[in-house]
Amino acid sequence: MKKKIDVGGYTLDAEVDGVESANAGIVLVHGKHRGMNDTLISLLFEQLSKTHHVMRFNFSYFADGTEPDNVRSYTELKACTEHMRDRVLILIGKSYGSYISVKAAMEQADRIKKVICIGYPFNDADDNKKTSDQLPLLGNIEDKLVFISGSNDPWCRLGRFIKNLPKQAKFYMINGGDHSLRGRDDAVTRRNMAEMLRLVTEAINEVDKQLK
């Protein structure tokens, strides 16, 4: 179902589907250059709405064709989480969307129970010495974090600083995947997407068990 999410003075395009009675709500948060109809986000929306209450939306910068502003993006994501009412929340972010999702989890720790980060930008693709400004803060929510990245993702060169990453967070590397988990051919991409869905489902199941 198409929705308009009010952010105070303007609205966001969104879509909500799935099991209305589900205790957990899932919000899918797209990456910087692709909106809610991105292939990966669409796959997650289609599959997860079979068993959960799921929302996807477009950040205003994407709809306007402008550069993202982190503060505004967080405000928009918060408006979307509020639309999910009193449900326990699981955020699934792709790249930039995972960065904003982590920020949301730090601000709404009581309500957001899991953040699944696909292609989290641990470092600058052109200079892996430039790392995410969130890294020193991840330990504050480490038990909520799941990271899924492709082994060929230039934004995820973990080798040089992995020892300093949170111990309770879970990290999964999908062999042969790029920043969007695509592989060298369609067969590898399908395999990678299936593995991603398995890992995402496993993380969601952990939250579901806690709610029983």
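Here are some notes:
- When T66 is tested against (1) in a loop (DSSP other than H, G, I, E, B); (2) within 18 Å of I5 (Cβ to Cβ); (3) hydroxyl-bearing (S, T, Y), just one condition goes unmet, and that condition is (2).
- Annotation note: of R72, R85, the sole residue that is more than 21 Å from M1 (Cβ to Cβ) and surrounded by fewer than 20 Cβ atoms within 10 Å (Cβ to Cβ) is R72.
- Long-range neighbours under 6 Å by Cβ, at least six apart or interchain, first residue in contact (Cβ under 8 Å) with a residue 60 or more places away in the chain within segment 132-159, second exposed (fewer than 14 other Cβ atoms within 10 Å of the Cβ): W155/A125
- Any hit, segment 60-67, residues being buried (at least 23 other Cβ atoms within 10 Å of the Cβ), modelled with pLDDT of 95 or more and within 26 Å of Y10 (Cβ to Cβ): no
- Of everything in segment 123-164 that is in contact with a Phe, Trp or Tyr (Cβ under 9 Å, 6 or more places away or on another chain), assigned to a loop (DSSP other than H, G, I, E, B) and surrounded by fewer than 22 Cβ atoms within 10 Å (Cβ to Cβ), the residue that is modelled with the lowest pLDDT is F161.
- Residues of segment 69-116 classified as over 21 Å from E142 (Cα atoms), among the charged types (D, E, K, R), free of Cβ contacts under 8 Å to residues at least 40 places away in the same chain and not in a loop (DSSP other than H, G, I, E, B), total: 2
- Just so you know, in segment 18-36 the residues that are outside any loop (DSSP other than H, G, I, E, B) and in contact with a His (Cβ under 8 Å, 6 or more places away or on another chain) include one that is modelled with the highest pLDDT, and it is I26.
- Single residue of segment 178-212 satisfying the filter (within 14 Å of the chain's Cα centre (by Cα) and not polar (S, T, N, Q)) that is surrounded by the most Cβ atoms within 10 Å (Cβ to Cβ): L181
- Within segment 12-34, if we keep just the residues that are closer than 19 Å to A104 by Cα and either out of contact with any Asp or Glu (no Cβ under 8 Å at 6 or more places or on another chain) or aromatic (F, W, Y) (or both), the residue that is surrounded by the fewest Cβ atoms within 10 Å (Cβ to Cβ) turns out to be K32.
The values are calculated or read from the model by the stated rules, or taken from the named source; none is laboratory data. Just so it is clear, the model here is predicted, and its values are computed rather than measured. Neighbour counts are summed over all protein chains in view; Cβ atoms, including those assigned to glycine, are modelled from backbone coordinates with ideal geometry.
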